[in-house]
């Protein structure tokens, strides 16, 4: 009786393992990486379209109105006679007319 058939049955092809890694990476790409890239692209497009008069919400939760647009920063009026200069990346949402903080749901 030979043990050769039992030993051969336990060995797997290295190509099978590489195939499993490729399938796993494909699943991870479509479930995690691709949606994150799409959200970031939409956010960059939103920031690029900002202009004076837009109502915005910053990452700190402060809501204000853009009064001046510079190359890398924005001047935002947050109260009467109170203006702050913020980097464009601090803007997380462009608010529509009449939209209030209570209308804003949690971000996904």
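Report the far tail of the P(r) of the stretch 51-102, meaning the percent of Cα-Cα pairs longer than 16 Å.
Everything past 16 Å amounts to 30 percent.
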Contour minus end-to-end for residue 29 and residue 13, with contour as 0.36 nm per residue of separation and end-to-end as the Cα-Cα distance? 3.3 nm
R0 = 35 Å: FRET efficiency of residue 67 with residue 38, Cβ-based, nearest 0.05? 0.70
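Every number here is computed from the coordinates shown, using simple stated rules; none is lab data. These numbers were taken from a predicted model, which means no experiment stands behind them. Cβ: placed from backbone, ideal geometry, glycine included. Neighbour counts: every protein chain shown.
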